[in-house]
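Here is the structure we will look at.
The values are calculated or read from the model by the stated rules, or taken from the named source; none is laboratory data. The structure displayed is predicted, hence computed values, not measured ones. As a convention, Cβ positions derive from the backbone with ideal geometry for all residues, glycine included, and neighbour counts pool all protein chains shown. SASA here: full protein model, heavy atoms, side chains in, ligands and nucleic acids out. Shrake-Rupley method; radii C 1.70, N 1.55, O 1.52, S 1.80 Å.
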Amino acid sequence: MVGTLINTVTVIIGSLLGTVLGNKLPSKMRETVVYGLGLMTAVVGMQMALQTTNVLLVMGSILVGGVLGEWWNIDAGLNAAGRWLEVRIGNKMGGTGDERSLTRAFVTASLVFCVGPLTVLGSIQDGLTGDYTLLAIKSLLDGFAALAFAASMGPGVIWSILTIIVFQGGLSLSAMGFGDLLGTVTRQTPWVIEMTAAGGVLMLGIALLLLDLRKIRVANLLPAVIVAPLAQIVLELIGKKP
């Protein structure tokens with residue numbers, strides 16, 4: 001859990017610095033920064049997605065994950081949490097208007113910070129061995145990302161720490177409980193590769209949101225990040241049968 005706490009602190013610091021900086025930037029400049037972040041998010045997502053060794057598995061995981069996400073209505077839940085924060089503290093923090101909506105900032109930052117492979121690998125490593133090196137690296141990256149997001153999208157980014165605590169903390173606690181079943185996990189572990197590829201597809205969806213090209217309920221695709229590694233594990237088990 002140490003890595004998650006470090007990650008939380010860096011996001012808070014980055015968000016606060018970005019909020020102070022963003023208030024001094026013209027609206028057109030903030031818009032350009034968001035589009036720049038969108039383009040880079042697309043590049044990162046494409047790199048992640050192309051790592052797959054089984055594109056049909058990733059496609060199936062996205063389809064199944066999307067069905068599950070719509071059934072569970074994850075996107076509505078995240079947006080409801082964002083609106084709840086916006087109603088109670090949005091005006092006090094200056095998160096008004098579509099451009100700097102607290103809800104948009106909260107949901108977008110939460111997805112970006114919790115989709116990447118470092119999130120899962122770092123959380124598992126932290127829970128299994130107490131080694132939070134990967135999460136420390138992720139924390140540094142997230143801190144700079146939070147600064148950029150907050151400067152362009154507003155102070156709502158800081159509330160993504162709630163998602164980080166619940167998601168990363170939950171993964172670390174789960175790894176502590178099921179450590180023997182997970183075994184040694186690296187970036188080259190087959191199920192990690194497919195999970196990363198599925199996460200890359202979600203990152204592309206986030207890029208479309210940032211670029212204002214298409215309103216996609218990316219949060220409802222989140223189950224795909226769980227379905228993909230499970231499907232890979234099942235295929236490996238079937239392949240090992242005589």
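Some observations on this one:
- In this structure, V185 and N23 have a Cβ-Cβ separation that, at R0 = 35 Å, corresponds to a calculated FRET efficiency of about 0.25.
- Projecting the Cα atoms of A151, N79, I12 onto the dipole axis of the stretch 1-156, where Lys and Arg carry +1 and Asp and Glu carry -1 at the beta carbon, places A151 farthest toward the positive end.
- Rounded to the nearest 20 debye, the dipole size of the chain about its Cα centre is 440 debye, using +1 on the Cβ of Lys and Arg and -1 on the Cβ of Asp and Glu.
- For the stretch 103-196, projected area of the alpha-carbon convex hull averaged over all directions, nm²: 5.9 nm²
- Accessible carbon and sulfur surface of the chain relative to its total accessible area, %, 1.4 Å: 71 percent
- Approximating the spin labels as points 7 Å out from Cα along Cα→Cβ, the V55-to-L162 distance works out to 4.0 nm.
- Probe 1.4 Å, accessible area per residue of the chain, Å²: 50 Å²
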